[in-house]
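J.: Take this structure first; my questions come after.
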């Protein structure tokens, strides 16, 4: 079984570290998303609870 690999992608003017899955798709962790939107990771439960 192949595992996800760390990769770096360019999103606008930002470089993001992501996980690249064996099928070529990308996934971000909560920490990576929080960093990308410049918000504390602690905001995630509140955000997800409102959706």
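J.: Has region 13-23 got at least one residue that is modelled with pLDDT of 85 or more, assigned to a loop (DSSP other than H, G, I, E, B) and either surrounded by 12 or more Cβ atoms within 10 Å (Cβ to Cβ) or in contact with a helix residue (DSSP H, G or I) (Cβ under 7 Å, 6 or more places away or on another chain) (or both)?
T.: yes
J.: Another question, then. Just checking, how many residues over region 24-35 are surrounded by 12 or more Cβ atoms within 10 Å (Cβ to Cβ) and either modelled with pLDDT under 80 or at positive phi (or both)?
T.: 0
J.: Since residue 6 meets every condition but one in (1) surrounded by 10 or more Cβ atoms within 10 Å (Cβ to Cβ); (2) in a strand (DSSP E or B), which condition does it not meet?
T.: The single condition residue 6 does not satisfy is (1).
J.: Is at least one residue of region 29-50 in contact with a helix residue (DSSP H, G or I) (Cβ under 7 Å, 6 or more places away or on another chain) and assigned to a strand (DSSP E or B)?
T.: Within region 29-50, not a single residue is in contact with a helix residue (DSSP H, G or I) (Cβ under 7 Å, 6 or more places away or on another chain) and assigned to a strand (DSSP E or B).
The values are calculated or read from the model by the stated rules, or taken from the named source; none is laboratory data. Note that the coordinates shown come from a computational prediction; the quantities given were computed from them, not determined experimentally. Positions of Cβ are backbone-derived with ideal geometry, glycine not excepted, and every protein chain shown enters the neighbour counts.
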